[in-house]
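First up is the structure itself, then whatever we jot down about it.
None of the figures in this text is laboratory data; all of them are computed from the coordinates on show. In this text the structure is predicted, and so the values were computed from the model without any measurement. All Cβ positions, glycine included, derive from the backbone under ideal geometry; neighbour counts span all protein chains shown.
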Amino acid sequence: MAGQKIQAPKGVSEYAPPRSSAFEFVRESLISPARSAGYQLIELPVFEDTELFTRGVGESTDVVSKEMYTFEDRGGRSITLRPEGTAGVMRAVIEHGLDRGQLPSKLWYSGAFFRAERPQAGRYRQFYQVGIEAIGLDDPAIDAEVIAIADAGFKKIGLTKYRLDITSLGDSESRAAHRVDLVAFIATLDLDEATKSRAALNPLRLFDDKRPEVREAMTNAPLLIDYLNEESRTHFAQVRKYLDALQISYTLNPRMVRGLDYYTGTTFEFVHELLGAQSGIGGGGRYDGLMAELGGQSLSGIGFGLGVDRALLAAEAEGVISAETFVSDLFIIPLGDLAKEKALQVASLLRNQGKTVEIAFGDRALKGAMKGADKSGARYVIVIGDSEISSGTVELKEMKTGATSSVKIDSLLTAL
Ligand code: HAM
């Protein structure tokens, strides 16, 4: 209907000023440790062939069975908005032959992901992740490095109230041995048909069931961690040794189940204390069979996805981001046309030196322009009028304290 307001679809996250600055800071903080470790950007489509996810992520998962945004495009193809990043990265690595160059192939990405979940605080239908994937190396040291990169991102934001849960899902031999006993155990339980067929696709899913009666029934279920063969055990012990060397503390959580089916070996989750039900701020692990499953060669991989929205909520809950971080360095009020010219020049010079500078345009009277400076939260303000131009000196006012000092226009950079 004409004139009626249109609202954003239910359950999407979006960021407008002033909060968008904090979002940007959080996202950058999560990306920068990956860059420092030599990961390179991979930018991928937000929609893919549906089969990529049914095959890659697994039909037993909630993500695939209940939460995908799937539709037919105009050419009759089944398309899905990406619910996660790993399957797409593997698809692209195979397609572009990135697995045939220097290994590991180390990639990072950041962007929007889509899951048709029931919206609540910290759980959105469109949300943001920063992720990395390291493909083609089995070395347990890279597992520890991947975890350390995620941890460094959270630390960079300033978060402290979170813990790291880790476990190992072992290699295929270990998982097969466990599966036999787990399936036999599950057969003794009194379960409804839907749960049974879920368990038939992936019996580990039952560890993830939130219903109290299923939880209760699963208390004595055999744990995968007790079935690791020599190789898997050694690998996991090495990972823990490296984490110790990095002084990254962790909790062993053998009942942890990740929401995606491709995981093998080392898996982990970062859990924040102050976020309530949606406390997972990031997670990841190895997926040594995924590439072959998607038609590529048999290469191992490990990576993580960090929730930018939840990391922001965590930062706000901990009170570690202050709005002052994002304000401009200088606010210039020009009085008159000549002053406007000067203001444009000064601002341009300072911006080239990395300062954030705003100018009050619109020929407002001094009082109104001052109000604008106040609202902007800028650290310093200067007024440029005829006398300032002729003397080449301005009064630099620190907004917080009200203190002023005379500064040569040419020396503004050092004064700031
Ligand atoms: P994931 O655990 O499904 O893993 O998602 C990673 C993070 O994304 C979660 O820890 C959470 O912070 C955030 N997240 C997930 N769903 C939502 C939602 N509905 N609303 C807000 N935030 C959400 C993956 O996606 C894997 N691809 C990670 C990975 C990469 N594993 C190996 N490589």
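Relative to the longest principal axis of the Cα atoms of the chain, the long axis of helix 230-245 makes an angle of roughly 20 degrees.
Calculated FRET efficiency, residue 398 to residue 213, Cβ-Cβ distance, R0 = 41 Å: about 0.05 to the nearest 0.05. Diffusion coefficient (Stokes-Einstein, Kirkwood radius over C-alpha pairs, 25 °C, 0.890 mPa s) for the stretch 1-117: 146 µm²/s, rounded to a whole number. Working from Cα pairs under 8 Å separated by at least six residues, relative contact order for the stretch 269-416 is 18 percent. For the stretch 301-308, 3J(HN,Hα) computed residue by residue from phi via the Karplus equation (6.51, -1.76, 1.60; θ = phi - 60°) reads x, 8, x, 8, x, 10, x, 5 Hz, glycine and proline entered as x. For residue 356, the residues 5 or more places off, or on other chains, whose built amide H falls under 5 Å of its own are 329, 330. For the chain, find the longest principal axis of its Cα atoms and tell me its angle to the long axis of helix 337-352, 0 to 90°, nearest 10. It is inclined by approximately 40 degrees. The angle separating the long axis of helix 86-95 from the principal Cα axis of greatest extent in the chain is about 90 degrees. Here the dipole of the stretch 327-415 is about 300 debye; that uses its Cα centre as origin and unit charges on the Cβ of Lys and Arg (positive) and Asp and Glu (negative).
Calculated mean residue ellipticity, 222 nm, the chain: -11000 deg cm²/dmol, from DSSP H runs (n ≥ 4) at -39500 (n - 2.57) each, averaged per residue and rounded to 500. The amide H of residue 129, built 1.01 Å from its N in the peptide plane, has 111, 113, 308 as neighbours under 5 Å, considering only residues 5 or more places off or on other chains.
Within the stretch 175-212, find all residues whose amide N lies under 18 Å from a label point positioned 7 Å from the Cα of residue 226 along Cα-to-beta-carbon. Under cut-off, by backbone N: 175-189, 203-208.
The orientation-averaged shadow of the Cα convex hull for the stretch 327-415, equal to a quarter of the hull surface, comes to 5.1 nm².
Candidates 295, 234, 332 compared by Cα position along the dipole of the chain: farthest toward the positive end lies 332, with charges placed on Cβ. Ordering 264, 393 by the number of other Cβ atoms within 10 Å of each residue's own Cβ, fewest first, gives 393, 264.
Applying the Karplus parametrisation 6.51 cos²θ - 1.76 cosθ + 1.60 with θ = phi - 60° to the phi angles of the stretch 282-298, what ³J(HN,Hα) value in whole Hz is obtained for each residue in order, glycine and proline being reported as x? Running phi through 6.51 cos²θ - 1.76 cosθ + 1.60 with θ = phi - 60° gives x, x, x, x, 7, 9, 6, x, 5, 5, 5, 4, 9, x, x, 6, 8 Hz. Summarising the strand pairing of the chain, around 80 percent of its internal DSSP beta bridges are antiparallel. Taking all Cα pairs closer than 8 Å and separated by 6 or more residues, the relative contact order of the chain comes to 17 percent. Among 403, 347, 121, the largest mean-square fluctuation in a Gaussian network model of the chain (Cα springs under 10 Å) belongs to 403. The calculated Kirkwood hydrodynamic radius for the chain is 24.6 Å, given to one decimal from all distinct C-alpha pairs. Checking the cross-link filter: which lysines have an alpha carbon closer than 26 Å to that of residue 342, excluding same-chain neighbours under 8 positions apart? List returned: 355, 367, 371, 375, 397, 400, 408. Of the trypsin sites (Lys or Arg not before Pro) in the stretch 379-416, the ones in a loop by DSSP (not H, G, I, E or B) with at most 11 other beta carbons within 10 Å are 400.
Highest GNM mean-square fluctuation among 211, 115, 125, for the chain modelled with Cα contacts below 10 Å: 211.
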